[in-house]
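This report refers to the structure that appears directly beneath it.
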Amino acid sequence: MSALTHIHKITLIPGDGIGPEVAAAMVSVVEAAGKLTGCAFEWHSFECGAEAYEKNGEILPQAALDSIAADKVAIKGPTATPIGGGFSSINVAMRKKFDLYNNFRPVKSLPGIKTNYPGIDMIIFRENTEDLYAGLEVMINPDIAQSLKIITRKGSTRIARSAFEYAKKHGRKKIHAIHKANIMKKSDGLFLECCKAVAAEYPEITYAEHIVDNTCMQLVMNPYQYDVILTENLYGDILSDLCSGLIGGLGLVPGANLGADTAIFEAVHGSAPDIAGQDKANPTALIQSAVLMLHHIDEAEAANKLQAAVEKVYAEGKSTTRDVGGSVGTKAFTEAVIAAL
Ligand code: NAI
């Protein structure tokens, strides 16, 4: 390693279920790409999530939060959240703590995967701190539960601005704001009002509005009409999984949670307990999240080399995982990406 090698400090949260397997795969391919391009990484790893809670009695240790605050960049595997009762999502907690308001999720087809929709290339901008995810829930009485949906002018305007700025910079032509303002006239109405106001500042970008239920149908009938999707927290979460199905599944779609000065990168998928610990997980989504991270830390060469290696493995089609019709495990796929590098 040359004296000029830049060492990036990155907080790593391997997470639950398949998290440690896909995180190990991601670290090894990022290290390999870094060696080729003259950058190195100091990983600050923390156990967080359901398994950490069982082991150490802590879901999200303060030390992990301090590390993210210091490093400003983190990458995490999925963390499990109990359904119904139990502790609240640490993802939601981290997004709120670091004000990571922009959940950026590119959905792009990879070569060699057979799907009904070749050549998909769209981006989802999901507001990441408000909506029903604010977690403001109460039992009014034993038979009535109330969950508050919070939409603010500030939150809606800044996610709209992120989407339009990105579109302008990257030559994207069309933005659809996805909503349910026919029913939620105040909250989704405010979201649309803010999107419209921002859109007016970017006349070169076509702006349209679709109701979320119609959008689900449109996405499976003709996904190609969408370029950039701009939406609230809950709709964005659901549409991300739907869109991942268009290109071959949850094993493929990366993501970034972006704030003004901190970024946490993570795949769209969850901890996949059904395949955990069996060398079956597809690490592509987290690897592609790492590609986004490498761009974020200005290591474009490493990012491009790693993305090209992933695409080469898919184009060859010999070393892909079972979820996309292949036959190899997590480790063999990872070795194939390193060989392609
Ligand atoms: P999931 O995304 O974990 O799994 C859904 C289906 O996709 C399963 O059949 C699984 O095997 C498959 N799958 C997901 N990722 C895959 C991969 N990389 N390779 C191959 N197959 C993959 O969703 P589910 O079952 O709804 O959630 C499980 C847990 O994950 C829950 O506790 C949930 O709260 C948590 N979760 C965490 C997220 C995060 O940390 N960002 C995001 C979504 C869910």
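Points worth noting:
- Expressed to the nearest 5 percent, the antiparallel share of DSSP beta bridges inside the chain is 40 percent.
- Amide H contacts under 5 Å for Val107, placed H, 5+ residues apart: Met122, Ile123, Ile124
- Pairs spanning more than 26 Å between alpha-carbon atoms, out of Lys96/Lys173; Lys280/Lys312; Lys114/Lys196: Lys96/Lys173; Lys114/Lys196.
- Projection of the Cα convex hull of the range 149-212, averaged over all directions and equal to a quarter of that hull's surface, yields 4.0 nm².
- Kirkwood hydrodynamic radius of the chain, Cα pairs, Å: 20.6 Å
- Rounded to 5, the percent of DSSP beta bridges in the range 116-247 classed as antiparallel: 25 percent
- FRET efficiency estimate (nearest 0.05) - Cβ-Cβ, Ile183 to Lys96, R0 45 angstrom: 0.95
- Here's the picture: charge each Lys and Arg Cβ at +1 and each Asp and Glu Cβ at -1 in the chain, and of Gln278, Met221, Ile10 the one pushed furthest to the positive end of that dipole is Met221.
- Sequence-distant residues sharing a close amide H with Ala80 (under 5 Å, placed H): Asp16, Ala50, Glu51
- The range 42-102: equivalent-ellipsoid semi-axes (sqrt of 5 x gyration tensor eigenvalues, Cα, Å): 19, 15, 9
- Taking the convex hull of Cα positions in the range 1-134, its mean projected area over all directions (nm²): 11.1 nm²
- 13 Å beta-carbon shell around Gly19, net charge (K/R +1, D/E -1): -4
- With the biggest extent put first, the Cα atoms of the range 69-119 measure 39, 32, 17 Å across the principal axes.
- Comparing the range 116-247 with the 2.2 N^0.38 Å rule of thumb, its C-alpha radius of gyration ratio is 1.10 (two decimals).
- Where only alpha carbons of the range 51-198 are counted, the Rg and the Dmax (Å): 18.6, 54
- Residue-wise HN-Hα couplings along the range 146-156, as the Karplus relation 6.51 cos²θ - 1.76 cosθ + 1.60 with θ = phi - 60° gives them from phi, are 10, 10, 8, 9, 10, 10, 10, 4, 4, x, 5 Hz; Gly and Pro carry x.
- Alpha-carbon Rg with Dmax, taken over the range 182-311, Å: 17.3, 51
- Remark: the range 70-77, residue by residue, has Karplus-estimated 3J(HN,Hα) of 6, 6, 6, 9, 9, 9, 9, x Hz, where x stands for each Gly or Pro and the curve is 6.51 cos²θ - 1.76 cosθ + 1.60 at θ = phi - 60°.
- Calculated [θ] (222 nm, deg cm²/dmol) that DSSP helices of n ≥ 4 give over the chain, each run adding -39,500 (n - 2.57): -13000 deg cm²/dmol
Any read-out appearing in this document is the output of simple, stated calculations on the displayed coordinates, not a laboratory observation. Note that the structure is predicted; figures quoted are calculated from it, not measured. With ideal geometry, Cβ positions are generated from the backbone for all residues, glycine too; neighbour counts draw on all protein chains shown.
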